[in-house]
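> Once you've had a glance at the structure underneath, I'll fire off some questions.
The values are calculated or read from the model by the stated rules, or taken from the named source; none is laboratory data. Every value quoted in this text rests on a predicted model; they were computed, and no experiment measured them. Here the Cβ is made from the backbone with ideal geometry for all residues, glycine too, and neighbour counts use every protein chain on show. SASA here: full protein model, heavy atoms, side chains in, ligands and nucleic acids out. Shrake-Rupley method; radii C 1.70, N 1.55, O 1.52, S 1.80 Å.
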Amino acid sequence: SSYEWFFQVKDDYDSWVEKSTYLPNYSERNVNEGGYHIFEKIAFNQSGRKTTVWRAKSKGQAETKTEHPIRNDVHDVLSILYYLRNLEFNDKSAGYTVPFSIFMDQEEFALKMKYLGKDSNKKVHNMGRYRTLKFQPSVIAGNVFNEDSKMTVWVSDDANKIPVLVESPVSVGSVKMTLKSYKGLKYDFTAKVD
């Protein structure tokens, strides 16, 4: 809320994914970013390598329908988070890169996430210190991110791998997102140092 006076971001994302692969079957997003609005529904046909997209200026308005080819194993912005959280990095060295594809805005984007190593005493404002894994995901340039934006994400170095801190430049400055609370984790949260 402290950023909303100069750049409002109110986005809702929903995704239905396969439990075994974390690949999406269907997703919706309702976006409001600094005056930019879009409502988008995507049906993923992973085996048929295509998507069907319905778009409108806002939810409830007339939608346009299009179809788009995709490559294998294409994610949406939510399903990729769950997929990446379930990868193991204990045997990986700093610099290890995971390639992935995301379909958004009627386009497929080939992206990557670079593992930067462990930070065993990362301070998170008003939340304490954590054992973390540090990552740098590539971003899609557009309304929020510039072409050369470098986002950094720290996730808990435990079985949960929940984000505890995200820092990123955006088109109007920079943002820092910190963990405020958590509940319903599958595993005990063991990453907190103090």
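> Is there any pair with a first residue in the stretch 85-99 that is under 19 Å from TYR187 (Cβ atoms) and a second that is assigned to a loop (DSSP other than H, G, I, E, B) whose Cβ atoms are under 6 Å apart and which are 6 or more apart or on different chains, and what are they?
As it stands, the answer is ARG85/LYS161, since those pairs meet every condition given.
> Read through the list (1) open to solvent by 80 Å² or more (accessible area, probe 1.4 Å); (2) more than 29 Å from LYS57 (Cβ to Cβ), then give the number of the only condition that LEU81 fails.
It fails just one condition, (2).
> Restrict the check to the stretch 35-43 and report whether at least one residue is touching a strand residue (DSSP E or B) at 6+ places or on another chain (Cβ under 6 Å), touching a residue at least 12 places away in the same chain (Cβ under 8 Å) and either assigned to a loop (DSSP other than H, G, I, E, B) or among the small types (Gly, Ala, Ser) (or both).
Looking for residues that are touching a strand residue (DSSP E or B) at 6+ places or on another chain (Cβ under 6 Å), touching a residue at least 12 places away in the same chain (Cβ under 8 Å) and either assigned to a loop (DSSP other than H, G, I, E, B) or among the small types (Gly, Ala, Ser) (or both), one finds at least one in the stretch 35-43, hence yes.
> Would you call LYS118 farther than 20 Å from ASN30 by Cα and in contact with a strand residue (DSSP E or B) (Cβ under 9 Å, 6 or more places away or on another chain)?
Yes, satisfied.
> Could you check the stretch 57-129 for strands (runs of 3 or more DSSP E) lying wholly inside it with 2 or more residues that are modelled with pLDDT of 95 or more, farther than 19 Å from MET151 by Cα and charged (D, E, K, R)? Lay out the reasoning, then the answer.
Numbers: elements: 64-69, 97-104, 107-124.
Qualifying strands (runs of 3 or more DSSP E): 64-69.
> What's the number of the condition GLY184 fails, among (1) at pLDDT 85 or above; (2) part of a strand (DSSP E or B)?
It is condition (2) that GLY184 fails.
> Quick one: what pairs do we get from the stretch 51-79, first residue free of Cβ contacts under 8 Å to residues at least 40 places away in the same chain, second open to solvent by 80 Å² or more (accessible area, probe 1.4 Å) and hydrophobic (A, V, I, L, M, F, W, C), C-beta under 7 Å, 6+ apart or different chains?
Once the first residue is free of Cβ contacts under 8 Å to residues at least 40 places away in the same chain and sits in the stretch 51-79, its partners that are open to solvent by 80 Å² or more (accessible area, probe 1.4 Å) and hydrophobic (A, V, I, L, M, F, W, C) give ALA56/ALA62.
> Sticking with this structure for a sec: Whether any residue in the stretch 37-55 is open to solvent by 60 Å² or more (accessible area, probe 1.4 Å), at pLDDT below 90 and hydroxyl-bearing (Ser, Thr, Tyr) is what I want to check.
no
> While we're looking at this one, here's another question. Could you list, in sequence order, all residues of the stretch 101-134 that are open to solvent by less than 70 Å² (accessible area, probe 1.4 Å), free of Cβ contacts under 8 Å to residues at least 40 places away in the same chain and farther than 21 Å from ASP12 by Cα?
LEU111, MET113, TYR115, LEU116, GLY117, ASP119, LYS134
> Hey, another quick one. Every residue in the stretch 89-109 that is over 22 Å from PRO24 (Cβ atoms) and of a type outside the set (Gly, Ala, Ser), please.
PHE89, ASN90, ASP91, LYS92, TYR96, THR97, listed by residue number.
> Within the stretch 140-152, is there a residue that is open to solvent by less than 40 Å² (accessible area, probe 1.4 Å), of a type in the set (A, V, I, L, M, F, W, C) and modelled with pLDDT of 90 or more?
Within the stretch 140-152, none of the residues are open to solvent by less than 40 Å² (accessible area, probe 1.4 Å), of a type in the set (A, V, I, L, M, F, W, C) and modelled with pLDDT of 90 or more.
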